[in-house]
Amino acid sequence: MTRRRCQLCSRAVPTDQPAVFVAGRPHHASTRPVSEPPLHRHCAAYALRVCPHLVAGHRSGLAHAEATQYVLLEEHVSPGPDNTLVTHTRLPGEPPRPTDPPSALQHYLAVPDAPWTPADHWPATHH
Ligand SMILES: [Zn+2]
């Protein structure tokens, strides 16, 4: 995620090519961050055809975004009351707020700079 590497083939997605993100229905028409790393366009096309999870989700409302850039966020987790975990998000390198409890970096999130489109509208030229 931090080095713009494709989650399928692990090679870098060149900055002159879109980084494709695939997410479930809650991401339609939203700017919610995603925890799944980006993909090359051809790797996304392959995954949407053969991955059982994505094929099943394809029918139930997957969305994709083709972003030239994305904002990275860090999701931190802290112990909460009653053995719960509390998550909070901040920009990489941003110091914790004074009120934040000690936390661990759980994972990175991305906010693509492109709109989400239903994955069933995946252009035929991407196959
Ligand atoms: Zn790839």
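Quick notes
- Among the residues making up segment 59-82, those that are surrounded by fewer than 16 Cβ atoms within 10 Å (Cβ to Cβ) and in a loop (DSSP other than H, G, I, E, B) are 61, 68, 69, 80.
- In this structure, residue 9 qualifies as at pLDDT 95 or above and within 26 Å of residue 119 (Cβ to Cβ).
- Candidates in segment 83-99 are the residues that are polar (S, T, N, Q) and more than 23 Å from the chain's Cα centre (by Cα); of these, the one that is farthest from residue 71 (Cα to Cα) is 83.
- Per the conditions (1) assigned to a loop (DSSP other than H, G, I, E, B); (2) more than 18 Å from the chain's Cα centre (by Cα), the sole criterion not satisfied by residue 56 is (1).
- Residue list for segment 23-47, filter: in a helix (DSSP H, G or I) and at pLDDT below 90: 25, 26, 27
- Residues in segment 1-17 that are of a type in the set (Val, Ile, Thr) and more than 10 Å from the ligand (Cβ to nearest atom) were compared, and the one that is farthest from residue 54 (Cα to Cα) is 15.
- Selection status of residue 10, surrounded by fewer than 17 Cβ atoms within 10 Å (Cβ to Cβ) and not in a strand (DSSP E or B): yes
The values are calculated or read from the model by the stated rules, or taken from the named source; none is laboratory data. Note that the coordinates shown come from a computational prediction; the quantities given were computed from them, not determined experimentally. Cβ sites come from the backbone with ideal geometry, for glycine too, and all protein chains shown count toward neighbours.
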